[in-house]
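Everything on this sheet refers to the single structure shown next.
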Amino acid sequence: MNIKVIFLAFATFATGTAENIIVGILPDVASGLGVSIALAGQLTAVFSISFALAAPAALWLTARAERKTVFLAALVLFIASNLLAAASPDYACLFAARVGMAVASATICLVGTTLATAMAGEEMRGRAIGIIFMGISGSLVLGVPMGMAIDAWFGWRSVFIALALLAAIVLVVSMAAVPVSGRSGQGSPGYLRHLRVRALVGAQLVSILMIGGHFVVFAYLAPYAADAAGIPKPWIIPAFIAFGVAGVSGGYLGGWLSDGMSPRFAILFVPLAYLSVLATIPLAAGLPWLAFMLMMIWCCISWMISPVVQSFLMAASPETAEAGVSLNFSAMHLGVGLGTAVGGLTMKNASLLALPLSGAILASLAVVSSVVAVRSARAARFAFP
């Protein structure tokens, strides 16, 4: 694997940390700005919404400017937004900084993915995408805990300064290491062409529904692990670290599976495997070690889906590949919102124990969507490598 691809994962590590860090430092941000916990919590929501809206727009930039230039400009915006966040005198200023971070992050993730696949070559395309997603998943394992530690030692504003410094290092190295790759090569992103193809829409739905099914449980994982799975509370933090490690490995395994077998096989196998594991988690209620092992597998498989879907989109329709990847980043964030909302409704109207069942319903729909995607691809006679 090209070492430059691995380096690009540090950029997505920074953006992933920026997206999720508010969850870890929420009380300090709220007290520091003199706002409620609920209002401060919206700083995470505005990031996800802004990211989902910005990802499709970012592709327009690559049609009009060289991709390395766009990537570097996004890093500059990310650095400036984090410095603004660190200096924010009030909530409104931090809110605006979060929007800037999200726009920059969407561009970095999209362009970073296209740069990585171009450098890796077709035979290792899936693994290149997997490495990029290892950066994102790794932010949950290392980035958020490190941010929480920095907050405890130096205050919440220092977290954003640290993110700006990390991005500055990536910027300097990228200027020298990332090759000039030209524009995207298309006059328009091709969103309408992409969305007219049933196979490609089916694949996008796989992302929305499977990630949605994951976040039904994941958004409420701490209480579920403690109260339903029976994992002792002193072991919750180590368990989360272990789940994060499993997620990081899943990002690479998803790419490896797409390269080693085929994108069609992978997009069928991963949702079905995920559903099977998710459906067995309730059976381990009150059995901590069994629940822990099942949840490790569950977290690993959940992070396999993004490189799998993106590999499928690129293989099925190379001419709309960049549009597909752009829309897929939006689809992932829609899935996060969907799963969190369904999980909240399940908690309100049923119980904590019902979370895996609700998630399994969405995962079942993901399985159906994967079958539709593959059958439609065969009917359209897409040529897969």
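The values are calculated or read from the model by the stated rules, or taken from the named source; none is laboratory data. None of the values given here were measured: they were computed from a predicted structure. Every residue, glycine among them, receives a Cβ derived from its backbone with ideal geometry; neighbour counts consider all protein chains shown. These accessible areas exclude ligands, DNA and RNA; they are computed on the full protein's heavy atoms, side chains included. Shrake-Rupley method; radii C 1.70, N 1.55, O 1.52, S 1.80 Å.
Structure summary
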| quantity | calculated |
| --- | --- |
| Residue satisfying all of: in the range 124-140; open to solvent by 10 Å² or more (accessible area, probe 1.4 Å) and more than 9 Å from T17 (Cα to Cα); modelled with the lowest pLDDT among these | R125 |
| Residue pairs meeting the criteria (Cβ under 6 Å; at least 6 apart or on separate chains; first farther than 14 Å from A9 by Cα and free of Cβ contacts under 8 Å to residues at least 40 places away in the same chain, in the range 128-150; second in a helix (DSSP H, G or I) and open to solvent by 20 Å² or more (accessible area, probe 1.4 Å)) | I150/S158; I150/A162 |
| Selection within the range 32-48 - in a helix (DSSP H, G or I), under 17 Å from Y91 (Cα atoms) and out of contact with any Lys or Arg (no Cβ under 6 Å at 6 or more places or on another chain) | G32, L33, I37, A38, L39, A40, G41, Q42, T44, A45 |
| Number of the exception - A102 against (1) at pLDDT below 95; (2) over 17 Å from A14 (Cα atoms) | (2) |
| Candidate set: the range 223-236, residues that are part of a helix (DSSP H, G or I), touching a residue at least 60 places away in the same chain (Cβ under 8 Å) and surrounded by fewer than 17 Cβ atoms within 10 Å (Cβ to Cβ); chosen: the one farthest from the chain's Cα centre (by Cα) | D227 |
| Failed item, numbered, when V111 is tested on (1) assigned to a helix (DSSP H, G or I); (2) open to solvent by less than 10 Å² (accessible area, probe 1.4 Å); (3) under 26 Å from M148 (Cα atoms) | (3) |
| Number of positions in the range 77-116 that are under 30 Å from S311 (Cβ atoms) and out of contact with any helix residue (DSSP H, G or I) (no Cβ under 9 Å at 6 or more places or on another chain) | 0 |
| Conditions (1) within 20 Å of S358 (Cα to Cα); (2) touching a helix residue (DSSP H, G or I) at 6+ places or on another chain (Cβ under 8 Å); (3) surrounded by fewer than 18 Cβ atoms within 10 Å (Cβ to Cβ): number failed by L290 | (1) |
| Scope the range 49-78; condition farther than 15 Å from A14 by Cα, at pLDDT 75 or above, assigned to a helix (DSSP H, G or I) and not aliphatic (A, V, I, L, M); matching residues | S50, P56, R67, K68, T69 |
| Subset of the range 296-309 (residues that are within 22 Å of A377 (Cβ to Cβ) and outside any helix (DSSP H, G or I)) | M304 |
| Options S326, S330, S358; residue that is crowded, with 23+ Cβ neighbours inside 10 Å, over 21 Å from W256 (Cβ atoms) and of a type outside the set (A, V, I, L, M) | S326 |
| Cross-chain or 6+ apart pairs with Cβ under 9 Å, the range 79-91 first and assigned to a helix (DSSP H, G or I), then polar (S, T, N, Q) and surrounded by fewer than 19 Cβ atoms within 10 Å (Cβ to Cβ) | A86/S158 |
| Of all residues in the range 203-222 being open to solvent by 10 Å² or more (accessible area, probe 1.4 Å) and β-branched (V, I, T), the one that is modelled with the highest pLDDT | I208 |
| Positions within the range 1-46 being open to solvent by less than 40 Å² (accessible area, probe 1.4 Å) and more than 30 Å from T114 (Cα to Cα), in sequence order | G24, I25, L26, V29, A30, L33, V35, A40, G41 |
| Failed criterion for G143 (all others in (1) farther than 18 Å from L72 by Cα; (2) open to solvent by 10 Å² or more (accessible area, probe 1.4 Å) hold) | (2) |
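For every residue, the table says whether it meets (1) part of a helix (DSSP H, G or I); (2) modelled with pLDDT of 90 or more; (3) of a type outside the set (D, E); (4) open to solvent by 10 Å² or more (accessible area, probe 1.4 Å).
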{"site": "S258", "(1), (2), (3), (4)": "yes, no, yes, no"}
{"site": "T280", "(1), (2), (3), (4)": "yes, yes, yes, yes"}
{"site": "L294", "(1), (2), (3), (4)": "yes, yes, yes, yes"}
{"site": "S311", "(1), (2), (3), (4)": "yes, no, yes, no"}
{"site": "M314", "(1), (2), (3), (4)": "yes, no, yes, yes"}
